[in-house]
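Shown next, in structure tokens, is the structure this report addresses.
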Amino acid sequence: MNRGEGGEPGGAVVFRGATVVDGTGAERYRADVRIADGLITGRGAGPDGGRGVGPDGGRVVDADGLVLAPGFIDMHAHSDLALLLEPEHPAKVTQGVTCEVLGQDGLSYAPVDDTTLLALRRQLAGWNGDPADLDWDWRDVGGYLDRLDRTRAAVNACYLVPHGSLRMLAMGWADRAPTPLELDRMRQELARGLLAGAVGMSSGLSYTPGTYADTAELVDLCTVVAAYGGFHAPHQRSYGAGALEGYAEMVEISRRSGCGLHLTHATMNFGVNAGRAGELLDLVDAALADGVDLTLDSYPYLPGSTTLAALLPSWATEGGPAATLARLADPAACERIRHAVEETGSDGCHGVVTDWATIQVSGVRSAELADAVGRTVADLAAERGSGGTDVFLDLLRRDELATTILQHVGHEENVRAIMRHPAHTAGSDGLLVGARPHPRAWGTFPRYLGHYGRELGVLTLEEAVARMTGRPAARLGLHRRGRIAPGYHADLVLFDPERVRDAATFEQPRLPAEGIEHVYVNGTAVVRQGRTTGARPGRALRRTDRGARAL
């Protein structure tokens, strides 16, 4: 087992005089907390008079003036390759994250075959890079989770079976409903992934090929997910012009299938949705009142982040990356694309006419395009004396679809309203590649605590911690995680409530958070006194028909 430097696997540690915020939303209290053998073994005087830590407590960490909370759970992560390539994972451990949920947005690298893996590597290069030196030695969900266990990253990870990858395996990138045999293949592969330990299924309904799925197909697959006790985490069809209709469809799928629903990166973006978060929350409340098992997550920033290719109309991406690039070389197809993005609103841009001043390049694969990073498409067009769509198409061709972007389309009042909702959990949606990625990859969790908690008072400390710990652990079915209580796994973060804040900015997006003093994963320190230790005690957390278990 690779524990790295600076850990104390199995060693006892006492956090002396901590202010405990236990992940339940209950009021904070002062206590000593002892851990040993990867578990919380004792807790001093708390509201229930918990067990004392004893005089032989072990190594002592002075926690006076600091908050001890369960480790933060990132409900929407894009670290599928990062955990294999940079397993010390500083972006997340330095902000207190101890578990991530992978396989998001309907697209990831398991289950695959040789053909779909090559296509996915190309399609997802803007999200995750495309490392040529990585040993791609898995094809199914169980194999990927085994690979995570062999690698031993710094954090734990859960996995969602991606619907788009299922669809590729069964029927390629065809824009049609599946045949009965193709749907049965998807069901079988989904069941295999759930049996291997996936916690549910994700879908990406504005990304190819997930966008081609109709409601009936998703209901059918979600029925399988429900049978295994999982949940559906959709990137729905629109976060712009059709946002409310998209959310309503997801709720209807949950009602008809009996499957739990987690609305991932739940936002109301673009000008058409300014001030309309209340309408989304009314829909959520009605669903909850009707018995729908519903949660949601969001990130505490205004801009979104995705690939530039995601803005293309879905017809332009049918057939996969090679077919897309072929269309970008066809003048007639390019004119159709121009008409969609400039006049009618591309479904890839959520049905909204694209405003090139809001589209900022955050990363490129081709070194020849490095000067575009940090600039908007509108700026580049003005400099070149061309139209924004011309620059858009040129970047896609020259960077072979790998360009990543920020979309400056959010609204502060919507962000605050959604994070206040009792069903809310936290997710970064952070892409880790590119020259200037979105700072949410390094700053989401301390931003909730510092900016929205301490500075603005949108959330109390107890509310913020519950959204990042106990509530997501319950959604994931993680037994004995997400709380501070004897017998729970020692995934813990110790932070200074007066100093904690996100330091990452849009200009310097890879700055570690401030005020995160110690982070423990499975009882081993991955951050000590604000510095990473190099320890790698994480594991794949697998869900079985008996619940979640850690191998």
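The values are calculated or read from the model by the stated rules, or taken from the named source; none is laboratory data. In this text the structure is predicted, and so the values were computed from the model without any measurement. Cβ coordinates were reconstructed from backbone atoms using ideal geometry, including for glycine residues, and neighbour counts include every protein chain displayed. Accessible surface is based on the protein model in full, side chains and every heavy atom, while ligands, DNA and RNA are left aside. Shrake-Rupley method; radii C 1.70, N 1.55, O 1.52, S 1.80 Å.
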Query raised in the report: Quick one: in the range 424-457, which of the residues that are open to solvent by 10 Å² or more (accessible area, probe 1.4 Å) and small (Gly, Ala, Ser) is nearest to Leu81 (Cα to Cα)?
Result: Gly434
**Report entry** Filtered residues of the range 259-296 (kept if part of a loop (DSSP other than H, G, I, E, B) and closer than 21 Å to Gln104 by Cα)
**Finding:** Cys259, Thr264, His265, Ala266, Thr267, Met268, Asn269, Asp293
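Residue-wise test of (1) under 22 Å from Ala77 (Cα atoms); (2) not hydroxyl-bearing (Ser, Thr, Tyr).
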site: Ala191; (1), (2): no, yes
site: Gly204; (1), (2): yes, yes
site: Leu221; (1), (2): no, yes
site: Tyr228; (1), (2): no, no
site: Val251; (1), (2): no, yes
site: Ser257; (1), (2): no, no
site: Leu263; (1), (2): yes, yes
Query raised in the report: Applying the selection to the range 379-414, what residues are part of a helix (DSSP H, G or I), closer than 23 Å to Asn128 by Cβ and either touching an Asp or Glu at 6+ places or on another chain (Cβ under 8 Å) or open to solvent by 70 Å² or more (accessible area, probe 1.4 Å) (or both)?
Result: Arg397, Arg398
**Report entry** Those residues of the range 62-88 which are among the acidic types (Asp, Glu) and touching a Gly at 6+ places or on another chain (Cβ under 9 Å), in sequence order
**Finding:** Asp62, Asp64, Asp74, Asp80, Glu88
Query - Qualifying positions in the range 195-239 - aliphatic (A, V, I, L, M), closer than 21 Å to Ala473 by Cβ, touching a residue at least 40 places away in the same chain (Cβ under 8 Å) and surrounded by fewer than 24 Cβ atoms within 10 Å (Cβ to Cβ) - result: Ala196
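To keep it simple, each residue is scored yes or no on (1) open to solvent by less than 10 Å² (accessible area, probe 1.4 Å); (2) under 26 Å from the mean Cα position of the chain (by Cα).
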residue: Ala310; (1), (2): no, yes
residue: Ala316; (1), (2): yes, no
residue: Ala329; (1), (2): no, no
residue: Thr376; (1), (2): no, yes
Query - Residue list for the range 246-297, filter: open to solvent by less than 10 Å² (accessible area, probe 1.4 Å) and among the acidic types (Asp, Glu) - result: Asp297
Query raised in the report: Would you pick out the residues in the range 335-355 that are assigned to a helix (DSSP H, G or I) and within 26 Å of the chain's Cα centre (by Cα)?
Result: Asp347, Gly348, Cys349
Report summary line: Selection from the range 483-539 of residues part of a strand (DSSP E or B), in contact with a helix residue (DSSP H, G or I) (Cβ under 8 Å, 6 or more places away or on another chain) and buried (at least 24 other Cβ atoms within 10 Å of the Cβ) yields Phe495, Ile516, Val519, Val521, Val526, Val527
Report summary line: Selection from the range 175-190 of residues open to solvent by 20 Å² or more (accessible area, probe 1.4 Å) and either of a type outside the set (Asp, Glu) or under 30 Å from Ala525 (Cα atoms) (or both) yields Arg176, Ala177, Pro178, Thr179, Pro180, Leu181, Leu183, Arg185, Arg187, Gln188
